[in-house]
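Asker: Please see the structure below; I have some questions.
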Amino acid sequence: MIATLPPAESWLERFPLLVRDWITGHLPESLGWLAVSLLAIVVILAAFGLLFAYLTLAERKILGRIQNRPGPNRTGWFGLLQPFADGIKAVTKEDVVPREADAVLHFLAPVLLVAMSLLGLAVIPFGRHLLAANLEAGVLYFFAAGAATELAVFMAGWASHNKYSLLAAMRALAQLISYELPLLLSVVPVVMLAGSLSTTHIVDAQGGWTFGWIPHWHVLTPWGFAGFVMFMIAALAESNRSPFDLPEAESELIAGHLTEYSGFKYALFFMAEYFGMCGLSAMAVTLFLGGWQAPCAFLEFIPSYVWFTAKLLTLLLGFIWIRATLPRLRMDQLTRLAWKFLVPLTLLNLANAAFWSLSAGWSGPMHWVRWAIALTVVVGPFLLLGRALTAGVAPRTYRYA
Amino acid sequence: METPEQIRDRLLARFPGAQVTVVVNGSPSAQHSLLVDAAHGREMAGFLRDDPVLKLDQCSNVTGVDWPEKEVVETRKTTVPDPAGGTPKIIEEKSKRIEPGCLEVVYHLFSVALRHGPVVLRMRTGNRTDAVTLPSLTPVWRSCEFQEREVFDLFGVKFDGHPDLRRILMWDAFKDHPMRKDYVEPDDYEWEPTPHGDVLAKAKKHFPAPAAPAAAPTPPTATA
Amino acid sequence: MLGSGILQGLAVTAKNFLGSYHDPARYTTVEYPEVKQQLPEAFRNFPFLVTENATDPMGTLRCVACQICEKECPPQCIFIEKSKDKKPDANGKLQIYPVVFAIDTSVCMSCQICVEVCPFDAIKMDQVYEIATTDRFDALLLNREQLAKPNEYFHQIHPTEAAEVDARLAADRKAAEEKAKAAAAAKAALPAKPAPAPVAKPAVVPPPTAPQSPGPAA
Amino acid sequence: MDQIAPTTVPITDAERDELRRHGILLTGLEELYNWGRSRSVWPLNFGLACCAIEMIAASMAKFDIARFGSEVFRPSPRQADLLIVSGTVTKKMAPQVVRLWNQMPEPKFCIAMGACAISGGPFKQGYNVLKGIDRFIPVDIYIPGCPPRPEALLHGLVQLQEKMRGQTISGPDAPRHLRADLDCDCPIPEFGEHDLEPPQNDILFQPPASPVRTPKA
Amino acid sequence: MQDLSPGGAHVRAVHDEFHGDLLEVSMGPHHPSTHGVFRMVVTLDGERIVKLKPVFGYLHRNHEKLGEGTSYLGSMPYTDRLDYLCSMTNNWAYAVAVEKLAGLTVPERAEYVRVILAELTRLLNHTCLAGFLMQDCGCSGTPLMYAFREREKILDLFESLSGSRMMCNYQRFGGCRVDPPADWLARAQTLVDGYTAFLDEFEALLTGNEIVMARTQGVGCMSAALAVSAGVTGPALRATGVAHDLRKVDGYGVYPRFNFRVPLGAHGDVYDRYMIRVLEMRESVGILQQALAGLPGGPIMNPAAKLRGFRPKAGEAYGRIEGPKGEIGFYLISDGSPNPWRYRVRPPSFINLTILEDMCLGHTVADAVIILGSVDIVLGEVDR
């Protein structure tokens, strides 16, 4: 029965809409738009709140498994209640504001951070019919909201009146300036090829399959793959995740901008970090991984939001895996990586995408020429710039006495 | 490597006014040492470091030793021939004398380049109270920097020419030199579960423990 | 190539992640309160006093209050008061006994020197470690009654050492009995004093058999 | 442990579990609060000496303190719930430890891990060694040993969780920050010419009067 | 001649270079990466260090004073607590000093057992160091966890031999306390056989990692001349290219019988110090294989050695061995009584810190943390 219906019309696919309509159906017509918006906010808050809770647990458990141990497993079944215990504790903990601190900014920073990192989620199409706000300039809106998060980190560091926090604030600003650029530049090709700043258009542009099993996702093109990798590197830096967690570098700056935060405010920071991570991953899914599109035609019966969630979780697992493996970069290396490596590569990638767009009509043997040129433009500069970046750094041989 | 006697002779030849004596070590280790006078200490150390035969480029260990003044009972035996022509009589004369105390700094020198050592260098202060200055060997060996600060901190030897002579282990306001043999530690033995010996004596001074003031507020958390 | 080292590292962590699900060498956790690690026989944590008879622990302490351990204890956490009178020990011989024998476990560093120096095999190392408490003063000062544990317990935690000790003590006892018998026989001829107390050697020095090697290079 | 026994808990754990099995959720605010904080004890990433290595070992793969939800060793005292004084507290360090304790937000707990932290341990005769951290800050759990095995630390943590579960939001057991009559801060000792001044906090440190206990029957 | 004095030309050059507003930060005594209670007062220009003053003494627990108050044997368990990662080598160094003082010889079997335990300790220490260093670099615990996984295996061996995981108190003057039984040796052999595989995996995780290399290469360089003058010993000295390993130089114990090499660095930076340790571990595995294969029979204690009432005659002795952190030595003066008159520890990690400031100047805070980590200190030994 499912197979006969177009996938967009299937009952499972429309299920969230049905629920929404059922709820708003009880309300007068005039309040309908408000109810729909509020409902979207509540659903996003609840879903991402829950995702945040279990992401912390997943991170602790996966880190544990990578480190040959089980991780939290005693609070509730398999430790499933652990996030709630942490939450209860964080809420009931005493809130300390240092005497010398700027109390207003000290309070505003975590609130602003959470708010800003949530704003971006409004334009992510989580499914075929699931989108809180369909903005024409959705991508622009997302990055504008995201840029404010680093400001909040700076506020936190500045307001705490702690030397470590101050150092962290300076680091956060340097990081912000360095990584906004590659982050945005790696997105430009997508916008260029989709011809729209709207996230729904971008996802729609990636629809369809060649032979029914090769999706038209951007990541499967040379420029798209390069853009995806660079976007993810920049996203790691934007969300202050290892190996770019310099502002809260534990071994250097105690807890950086978080040093003077306790209790619920600290939990808010934690929450914001995960929201930011989720937001950027969701954006990466939207821009490069085909959004909610299924990877093969015959898998389309699985609802779109399931596909989106699966892709999102995969990226989030990647974040955790990288965190478990890599040490942290130094500040100057971080900025050098941005300016000397990512920015030139993203600019070249822009040209590459332009070429890809112009050569869309090539067929037959020219099809292979197109691929060869695009791959060369990706791999060649990567090797050259990579060598320049790692100049003077190499494995060594040692002599023996 | 040269014997301490040979080093002494060469040092005396090089520094005519200096005093160098070999202190014989009675233990099976037979690590004899050179006692040098403070006035020429630094020049001699520099010579030992740069001398091509010795090349003592590493000062491995610097430490202080406290020798408090002690009463030495010397027994002098004199044989008095018996005027009667019998066996000579042995008269024992006991004399007490106070051997002055001093603080001593010991340097263990090795050569990394020539792989030999140790040459043990000692310097002594005049007494334990006011004449406690010795030349710092930090300009000769960098490794003396912290170790001499430690000797200053724990023994109270003042090192002349040390770039940064401050207390290193104890806090700056601390007044005593705790490694001296006559150091009396602060008496904070209010209560010792199993006192004996010195600890018992100290603890007894505090018993019965003063009853807690009745008006005292309760402890912030219930530890019991 | 830039990134190859990072990918190699990611491979190692991935291997460990997967390995933790099937390879016991990569999943080493002992889930403590439920599963307890098997302690090695040699494990030591705080001393206890050996009594011969569990039913009369205070009457059959091996300790004769010689105070050697008290003197040798590096952190000085043992406190002994000798008795003024003598009581018969497990062998029926009259011995001084400790009136107070206290070990302050809040000071003890489990170095085992008391065990090594004890000539009577009276103090041995225990293996308990779950002794967290909320009160330092009352719970951590162990007195004679808390310290005394029967020889069977010693056999349970250190079977090899306990067997050695028992064999040695039995041999000593036998020797003492023979000596006493001889003394009795001699006493029949001439009144004499009772045999001296048997003195056992510390457990850990094996008998010398091979020639010595040169010591550490000077 | 007798002291923290169910005087404040109306029903025992076994009874509660029994009720749970029948689907009855007891969600008293107090119980929820105690459940939450006892399952999420984040220690301060703070090591002093030898015991710190065993503390690290307890957080490592073989013992894995994470199973109790406590692997989040926070480097900043502001986010920590538990101060594990792991190792010798010297007189030079003691003011810093008290300062750290004061910087921790309520409700906070302290474990004295190892002989040195409890009483100065083997080093107690030293001139620079504080004879027990309980002279300056209140200690909840003492774990003897030199150093205690990692399992002993886990055992101590379980004891602490039990103690937390017995506490109440109001009344004499309430956390300090919820009470107006108590000052949260412990006074920080100063460096004197010969010793710390004062050498102990007389309000906190009230040892029993007699040095040698009478043998218990 | 190079200026090696504190505050020398290279230090002044850094001071002259920076003119911005300076920020003084006190790192420690409670700081996640000071490896205990160590404090660095750091003056920063931005993030660059223009001045760094180490502050010691937060773990000064009067080891030497206590040593003068207890018997020679009574100090043995205290030496466990000096460098609490390497109790076996501390024990050995102290035993060597006392044996020199009293002229005691050690049976051959005990010498072999000492070598086995010392090399196991070296494996343990270097593995943990690499883990801690990577933790300082910002790893989320993974290398440290793998290091401690292997450490637990070695600790299990120590525990089943000596009775304690960390505080072994195993060596005695004139031998060792317990004879290792055959099954213990078999277990040790299994561990040693598997260690190379672990090192390969560990190196795959770290050594070739671009971030690790970028963070550690060219950071915290130390010149050979300065290192020798500052008394730096152990892997930190060998990383500068000075071939100075007491196992070769003094040839103490039975080390001359084993075939092993001493790896040498060329740059003296953090990466070299890390790599020298890794290579040393591979050599240690070789020594262990040889020692386990060649372990002779015989007594484990010199029968002339006394446990109680040990009174060496008046004199003094300085004994040293190559500990995992460098030259650990004990200097003892006996006055013929049961207690030493002077009991001095030559702490390698304390003396290796002498030129910490010289290494850190001009680098950033993040570098200072890993430079300190690469020096490999244990505060129990630094402050004693």
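Asker: Against the condition within 30 Å of D:Arg149 (Cα to Cα), assigned to a loop (DSSP other than H, G, I, E, B), open to solvent by 10 Å² or more (accessible area, probe 1.4 Å) and in contact with a Leu (Cβ under 7 Å, 6 or more places away or on another chain), how does C:Ala54 come out, does it pass?
Answerer: no
Rundown of residues vs (1) more than 17 Å from the chain's Cα centre (by Cα); (2) more than 7 Å from every other protein chain (Cβ to nearest Cβ); (3) not in a strand (DSSP E or B), yes/no style:
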site: C:Leu10; (1), (2), (3): yes, no, yes
site: C:Asn16; (1), (2), (3): yes, no, yes
site: C:Tyr21; (1), (2), (3): yes, yes, yes
site: C:Val35; (1), (2), (3): yes, yes, yes
site: C:Leu39; (1), (2), (3): no, yes, yes
site: C:Lys84; (1), (2), (3): yes, yes, no
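Asker: Are any of the residues in the range B:128-139 within 11 Å of another protein chain (Cβ to nearest Cβ), under 30 Å from E:Lys248 (Cβ atoms), at pLDDT 85 or above and part of a strand (DSSP E or B)?
Answerer: For the range B:128-139, residues within 11 Å of another protein chain (Cβ to nearest Cβ), under 30 Å from E:Lys248 (Cβ atoms), at pLDDT 85 or above and part of a strand (DSSP E or B): absent.
Asker: Got at least one residue in the range A:170-192 being of a type outside the set (Ser, Thr, Tyr), in contact with a Gly (Cβ under 7 Å, 6 or more places away or on another chain) and over 20 Å from A:Phe288 (Cβ atoms)?
Answerer: Looking for residues that are of a type outside the set (Ser, Thr, Tyr), in contact with a Gly (Cβ under 7 Å, 6 or more places away or on another chain) and over 20 Å from A:Phe288 (Cβ atoms), one finds at least one in the range A:170-192, hence yes.
Asker: Going by what's in this entry, would E:Leu59 be described as of a type outside the set (S, T, N, Q), over 30 Å from B:Ser29 (Cα atoms), more than 14 Å from chain A (Cβ to nearest Cβ) and open to solvent by less than 10 Å² (accessible area, probe 1.4 Å)?
Answerer: So E:Leu59 fits the description; yes.
Asker: Hey, A:Ala324 hits all of (1) away from chain E (no Cβ under 12 Å); (2) small (Gly, Ala, Ser); (3) surrounded by 19 or more Cβ atoms within 10 Å (Cβ to Cβ) but one; which does it fall short on?
Answerer: (1)
Asker: Residue under question is A:Phe264, and the condition is that it be away from chain D (no Cβ under 14 Å) and either part of a helix (DSSP H, G or I) or of a type in the set (Val, Ile, Thr) (or both); does it hold?
Answerer: no
Asker: Being over 30 Å from D:Phe123 (Cβ atoms) and acidic (Asp, Glu) is the filter here; which residues of the range C:56-85 pass it?
Answerer: Listed by number, the residues that qualify are C:Asp56, C:Asp85.
Asker: Okay, moving on. With the requirement that a residue be open to solvent by less than 10 Å² (accessible area, probe 1.4 Å), closer than 23 Å to A:Ser262 by Cβ and facing another protein chain (nearest Cβ under 9 Å), what does the range D:53-66 give you?
Answerer: Result: D:Ala66, single match.
Asker: Let me ask another. Count, please, the residues in the range E:167-194 that happen to be under 22 Å from the mean Cα position of the chain (by Cα) and among the polar types (S, T, N, Q).
Answerer: So the answer is 2.
Asker: Within the range A:40-48, identify whether any single residue is modelled with pLDDT of 85 or more and buried (at least 16 other Cβ atoms within 10 Å of the Cβ), and answer yes or no.
Answerer: Yes, the range A:40-48 contains at least one residue that is modelled with pLDDT of 85 or more and buried (at least 16 other Cβ atoms within 10 Å of the Cβ).
Asker: Any idea how many residues of the range A:196-218 are more than 24 Å from A:Ala132 (Cβ to Cβ), open to solvent by 20 Å² or more (accessible area, probe 1.4 Å) and of a type outside the set (Ser, Thr, Tyr)?
Answerer: Of the residues in the range A:196-218, 7 are more than 24 Å from A:Ala132 (Cβ to Cβ), open to solvent by 20 Å² or more (accessible area, probe 1.4 Å) and of a type outside the set (Ser, Thr, Tyr).
Asker: What number of residues within the range A:175-225 are in a strand (DSSP E or B) and not aromatic (Phe, Trp, Tyr)?
Answerer: The number of residues fulfilling the criteria is 3.
Asker: Is at least one residue of the range D:105-113 modelled with pLDDT under 90 and more than 9 Å from every other protein chain (Cβ to nearest Cβ)?
Answerer: For the range D:105-113, residues modelled with pLDDT under 90 and more than 9 Å from every other protein chain (Cβ to nearest Cβ): absent.
Asker: May I pose another question? Count, please, the residues in the range C:103-124 that happen to be in a strand (DSSP E or B) and either open to solvent by 10 Å² or more (accessible area, probe 1.4 Å) or among the charged types (D, E, K, R) (or both).
Answerer: Count: 2.
Asker: Enumerate the helices (runs of 4 or more DSSP H) found wholly within the range D:1-102, keeping only those where 2 or more residues are at pLDDT below 85.
Answerer: In the range D:1-102, D:13-21, D:29-39 are the helices (runs of 4 or more DSSP H) which contain 2 or more residues that are at pLDDT below 85.
Asker: Looking at E:Gly315, E:Gly253, which one is assigned by TED's automatic domain parsing to the domain that holds E:Ala197, within 22 Å of B:Met1 (Cβ to Cβ), open to solvent by 10 Å² or more (accessible area, probe 1.4 Å) and more than 21 Å from the chain's Cα centre (by Cα)?
Answerer: E:Gly315
Asker: Which of the numbered conditions does A:Lys163 fail, given that it passes all the others? Conditions: (1) touching a His at 6+ places or on another chain (Cβ under 9 Å); (2) open to solvent by 10 Å² or more (accessible area, probe 1.4 Å).
Answerer: Answer for A:Lys163: the failing condition is (1).
Here is a yes/no grid of residues against (1) open to solvent by less than 50 Å² (accessible area, probe 1.4 Å); (2) assigned to a helix (DSSP H, G or I); (3) farther than 18 Å from D:Ile118 by Cα:
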{"position": "C:Asp138", "(1), (2), (3)": "no, yes, no"}
{"position": "C:Glu145", "(1), (2), (3)": "no, yes, yes"}
{"position": "C:Lys149", "(1), (2), (3)": "yes, no, yes"}
{"position": "C:Gln156", "(1), (2), (3)": "no, yes, yes"}
{"position": "C:Glu161", "(1), (2), (3)": "yes, yes, yes"}
{"position": "C:Glu164", "(1), (2), (3)": "no, yes, yes"}
{"position": "C:Arg168", "(1), (2), (3)": "no, yes, yes"}
{"position": "C:Asp172", "(1), (2), (3)": "yes, yes, yes"}
{"position": "C:Glu177", "(1), (2), (3)": "no, yes, yes"}
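Asker: Considering only residues that are in a helix (DSSP H, G or I), open to solvent by 10 Å² or more (accessible area, probe 1.4 Å) and touching a Gly at 6+ places or on another chain (Cβ under 6 Å), which ones fall in the range E:195-241?
Answerer: Matches in the range E:195-241: E:Glu210, E:Ala224.
Asker: Give the residues of the range A:57-68 that are in a helix (DSSP H, G or I) and either of a type outside the set (Val, Ile, Thr) or open to solvent by 20 Å² or more (accessible area, probe 1.4 Å) (or both), sorted by residue number.
Answerer: Residues satisfying the conditions are A:Leu57, A:Ala58, A:Glu59, A:Arg60, A:Lys61, A:Ile62, A:Leu63, A:Gly64, A:Arg65.
Asker: Can you find a residue in the range E:335-343 that is closer than 30 Å to E:Gly67 by Cβ, part of a loop (DSSP other than H, G, I, E, B) and of a type in the set (Asp, Glu)?
Answerer: Yes: one or more hits.
Asker: Out of (1) more than 23 Å from A:Ser262 (Cβ to Cβ); (2) open to solvent by 10 Å² or more (accessible area, probe 1.4 Å), what's the single condition that is false for D:Ile169?
Answerer: All conditions are met except number (1).
Asker: Can you name the condition, by its number, that A:Ser178 falls short on among (1) within 21 Å of A:Ile254 (Cα to Cα); (2) in contact with a Leu (Cβ under 9 Å, 6 or more places away or on another chain)?
Answerer: Status for A:Ser178: all satisfied but (1).
Asker: Mind listing just one residue for me: the one in the range A:113-134 that is outside any loop (DSSP other than H, G, I, E, B) and among the β-branched types (Val, Ile, Thr) and, of those, nearest to A:Phe48 (Cα to Cα)?
Answerer: Applying the filter and picking the extreme gives A:Val114.
Asker: Ok, one more. Please enumerate the residues belonging to the range E:345-365 that are in a helix (DSSP H, G or I) and farther than 14 Å from E:Gly231 by Cβ.
Answerer: E:Glu357, E:Met359, E:Cys360, E:Val365
Asker: Could I ask something else about it? How about the range A:294-394: which helices (runs of 4 or more DSSP H) wholly inside it have at least 2 residues that are within 25 Å of A:Gly127 (Cα to Cα)?
Answerer: A:304-325
The values are calculated or read from the model by the stated rules, or taken from the named source; none is laboratory data. All figures in this text were calculated on a predicted structure; none of them were measured in a lab. Counting neighbours? That spans all protein chains shown, and the Cβs are built from the backbone with ideal geometry, glycine included. Quick note on the areas: whole protein, heavy atoms, side chains included, nothing else; ligands and nucleic acids left out. Shrake-Rupley method; radii C 1.70, N 1.55, O 1.52, S 1.80 Å.
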